Amino acid sequence: MYLAIDTSTGTGVALVSANGEIRASRVLTDTRRHVEVVGTFIQEVLAETGTTAAQISAVAAGMGPGPFTGLRIGIAAARAFGQGANIPVIPLVSHDALALEWYENGGTGELLVTTDARRRELYWSRYSGLDAAGIPVREAGPALARPEDLDIAETERLGTAGTAPHRVDAVGIPAGSLGILAQRVRAAGRPGAEDEALYLRPPDIAAQGPRKRVS
């Protein structure tokens, strides 16, 4: 069994069997309630399937891209579960789960995935299909851009003869597809993504200077 956790946009948790079947999943698109629901979602998918922590072989962790505050909650939950159950954590690019879902549902050709980065910007990744192991082939990204700049860059890349990729502007990451991706990555002997959160911009934390003394 694979437990998949992602909080790069909303909150998604799923349990996927060793043969890639989604056994249970939970999703909430609200981007402000990660702390409230991630633990509850983990408990619910385990209870729904009658699964114990000892039956989980690995945890899939969505590493983003995503905003600092929300993203780190899911990563911390995945690492805590993995450490407690003494099982590996497989870091994955969250956009790859969206690409996997789209191609598995019959999509063909190039795909452009975007998610909200706030500040009037988008996180984006571009894909060309699935490889022989059923893993999305990411040709570019994840990266950060303003919508108008992304449109200009894609127009320049394609030129006059190019066909624009299908575009998915997502509001959530399918945790079930993230779990399936983890199963395929592990079966293929791939290392997964870098074990670092993909914030793609500095956190909104300013260094504080010395406090003024009040007399």
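What follows draws every value from the coordinates through simple rules; no lab data is involved. Worth saying up front: this structure is predicted, and the values here are computed from it rather than measured. Positions of Cβ are backbone-derived with ideal geometry, glycine not excepted, and every protein chain shown enters the neighbour counts.
Checking the a/c ratio against 1.5 first, then a/b against b/c, what shape does the Cα gyration tensor give for the chain? Provide the component values of the computation, followed by the final result.
On the way: a/c = 2.01, a/b = 1.03, b/c = 1.95.
The shape class here is oblate.
Which residues does the label zone of Asp116 cover in the range 140-169, counting backbone N under 14 Å from a point 7 Å along Cα→Cβ?
Hits in the range 140-169 for Asp116 at 14 Å: 169.
Which ³J(HN,Hα) values in Hz, rounded to whole numbers, follow from the phi angles of the range 44-61 under the Karplus curve 6.51 cos²θ - 1.76 cosθ + 1.60, where θ = phi - 60° and Gly and Pro get x?
5, 5, 5, 5, 4, 9, x, 9, 9, 4, 5, 8, 7, 9, 6, 10, 8, 10
Could you list Val13, Val59, Val137 so that the one with the fewest beta carbons within 10 Å of its beta carbon is first and the one with the most is last? Before the final figure, lay out the partial values.
Working: Val13 31, Val59 25, Val137 14.
In increasing order of surrounding Cβ atoms, one gets Val137, Val59, Val13.
Between Thr40 and Asn86, how high is the FRET efficiency from 1/(1 + (r/R0)^6) when r is the Cβ-Cβ distance and R₀ = 22 Å? Nearest 0.05. Before the final figure, lay out the partial values.
Working: r = 23 Å, r/R0 = 1.05.
Efficiency at R0 = 22 Å is approximately 0.40.
Can you list residues from other chains, or at least 5 along the same chain, whose modelled amide H is less than 5 Å from the amide H of Ile90?
For Ile90, whose amide H was placed from the backbone, the distant partners under 5 Å are Val59, Ala60, Ala61.
Check Arg146: other-chain or 5+ apart residues with amide H under 5 Å from its amide H, H built from backbone geometry?
Those lying under 5 Å, H to H, from Arg146 are Leu122.
How much length is gained if the chain between Asn19 and Thr163 is pulled fully straight, taking 0.36 nm per residue apart and subtracting their Cα-Cα distance, in nm to one decimal? Before the final figure, lay out each step's value.
Values: separation 144, 0.36 × 144 = 51.84 nm, distance 3.55 nm.
Stretched out fully, the Asn19 to Thr163 stretch lengthens by 48.3 nm.
If you rank His166, His95 by fewest surrounding Cβ atoms within 10 Å, what's the result? Don't jump to the answer; show the numbers that get you there.
Numbers: His166 14, His95 31.
So the residues, fewest neighbours to most, are His166, His95.
Would you give the gap between the C-alpha center of the range 68-130 and the C-alpha center of the range 17-34, rounded to a whole Å?
Cα centroid to Cα centroid, the span is 12 Å.
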